[in-house]
Amino acid sequence: MSARLVLCACPDAATAAALGRALVDARLAACATVLPGATSIYRWEGRIEEAQEAVLLIKTWADRVEALAERIRAEHPYELPEVVAVEAAGGLAGYLAWIHAETRTTDTPAA
């Protein structure tokens, strides 16, 4: 099993939705879920910051994470966007197969 859940904070729900749509359209993700209303507290450039954000939960396959991260970096408005990939330890077999199938392109080998 090589499914991944990628977390990405965005400045607002509209930005998260546009990014999620681009990732799914490019088959870098099978699904992107926008969770608006998140409060992020973090240290940036020596100061503790707090921001209202929307979190994007991206479902993809391990062999797509690198390209997905590059696409996020290219399109995200933040200087250093959050891209954290977590390996799925389990899940519904049919759903995991769907993630795999939806992240295949004609130039992506079957895993």
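Please treat every number below as a calculation from the coordinates, not as lab data. None of the values given here were measured: they were computed from a predicted structure. Heads up, the Cβs are rebuilt from the backbone with ideal geometry, glycines too, and the neighbour counts pull from every protein chain shown.
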For residue 12, the residues 5 or more places away or on another chain with a placed amide H closer than 5 Å to its own amide H are 54
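Mean shadow of the chain, computed from the convex hull of its alpha carbons, in nm²?
On the way: hull surface 28.9 nm².
Taking a quarter of the hull surface, the average projection is 7.2 nm².
How do 58, 99, 48 rank when sorted from fewest to most other Cβ atoms within 10 Å of their own Cβ? The partial results should precede the final answer.
On the way: 58 26, 99 22, 48 8.
In order of increasing Cβ crowding within 10 Å: 48, 99, 58.
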What residues have an amide H closer than 5 Å to that of residue 61, excluding those fewer than 5 places away on the same chain, when H is modeled at 1.01 Å from N in the peptide plane? 4
State to the nearest 20 debye the size of the charge dipole of the chain about its Cα centre, where the only charges are +1 on K and R beta carbons and -1 on D and E beta carbons. 320
The stretch 4-29 and the stretch 70-99: distance between their alpha carbon centers, rounded to Å: 9
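Using Cα pairs under 8 angstrom and six or more residues apart, how large is the relative contact order of the stretch 3-102, in percent? Working shown, then result.
Working: 180 pairs, mean separation 40.4, N = 100.
Relative contact order of the stretch 3-102: 40 percent.
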Report ³J(HN,Hα) in whole Hz for each residue of the stretch 35-49, in order, from the Karplus equation J = 6.51 cos²θ - 1.76 cosθ + 1.60 where θ = phi - 60°; Gly and Pro get x. 10, x, x, 7, 10, 9, 10, 7, 9, 9, 6, x, 10, 7, 10
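Just how large is the dipole of the stretch 68-111 about the Cα centre, in debye to the nearest 20, putting +1 at every Lys and Arg Cβ and -1 at every Asp and Glu Cβ? Walk me through the intermediate numbers first.
Details: 3 positive and 7 negative charges, 31 e Å.
With only Lys, Arg, Asp and Glu charged at Cβ, the dipole is about 140 debye.
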Size of charge dipole - the stretch 17-60 - debye, nearest 20, with Cβ of Lys, Arg +1 and Asp, Glu -1, no other charges: 220
Computed FRET value (nearest 0.05) for residue 52 with residue 25, which takes r as the C-beta separation and R₀ as 30 Å: 0.65
Please name whichever of 6, 106, 68 sits farthest to the positive end of the charge dipole of the chain, dipole taken about the Cα centre and charges placed at Cβ: Lys and Arg +1, Asp and Glu -1. 106
